[in-house]
1. Leaving out ligands and nucleic acids, note down the accessible area per residue over the range 1-125 with a 1.4 angstrom probe, in whole Å².
2. Given LEU127, HIS25, LEU47, which one lies farthest toward the positive end of the charge dipole of the chain, if we put +1 on the Cβ of every Lys and Arg and -1 on the Cβ of every Asp and Glu?
3. For the chain, what is the mean residue ellipticity at 222 nm derived from helices alone (per DSSP H run of n ≥ 4: -39500 (n - 2.57); sum divided by total residues; nearest 500 deg cm²/dmol)?
4. Using 7 Å Cα-to-Cβ label points, what is the PHE131/LYS40 separation (nm, one decimal)?
5. Leaving out ligands, DNA and RNA, and with a 1.4 Å probe, what % of the accessible surface on the chain is carbon or sulfur?
6. Report the relative contact order of the chain, percent, no decimals, based on alpha-carbon pairs under 8 angstrom and at least 6 residues apart.
Amino acid sequence: MIDTRTAPYAALVLRVALGVMFIAHALLKYYVFTLPGTVKFFESIGLPGPLAYLTFWAELIGGTLILAGAGSRWAAAVLVPLLIGATWAHAGNGWLFSAANGGWEYPAFLTLVAAAQALLGDGKYALSELFRGMPVARTA
C-alpha cells in the first residue's frame, strides 16, 4: 500500500538524487573525460562518435529538468533508453562499476531508478507545481 501522505516526498528524494546524478555524470564527461575523450570511448566500443555529444546534452538537460521537477516524468522516461545503452556499453566489463572501464551494475540500477521516477512523477517542491491549476489560453 502506498502512503499518499509521504509518497510525494519520496518522489522528491528520488528526483533530487537522480537529477544531481545525471548532472554530475554529464559534467564528468565534460571536465574529466572531456567531450573529445568521450567521443573516442564511444567509437572504441563501436558507437558513432557524435552520439557522445547527444548523451552529454541529454544527461545535462534531462538531469536539470528532473532536479527542477519540470516534467521529470518525461525526462526520466526519455533517459531510460540512454541508460539501457550505457548498461550495454559496460556489460562486457563485469558486474561492479569499479571494474576497469566500469561494470554494468550502476547503469542497470539507474535504469530502474529512472523508470521509477517516470512512474512516480515530480513529487513535492517541483517547478511544475507553479503551473498546476493555471488556466490555459486557447486560440481560435
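The values are calculated or read from the model by the stated rules, or taken from the named source; none is laboratory data. Bear in mind that the values here come from a model prediction, so they are computed numbers and not experimental data. When we count neighbours, we look across all protein chains shown, and the Cβ atoms used for this are built from the backbone with ideal geometry, even at glycine. Areas reflect the complete protein model, heavy atoms only, side chains present, ligands, DNA and RNA absent. Shrake-Rupley method; radii C 1.70, N 1.55, O 1.52, S 1.80 Å.
1. Dividing the accessible area of the range 1-125 by its residue count gives 57 Å².
2. Comparing the listed Cα positions along the dipole, LEU127 ranks first.
3. One gets -20000 deg cm²/dmol as the mean residue ellipticity at 222 nm.
4. 4.1
5. That share works out to 73 percent.
6. 28 percent.
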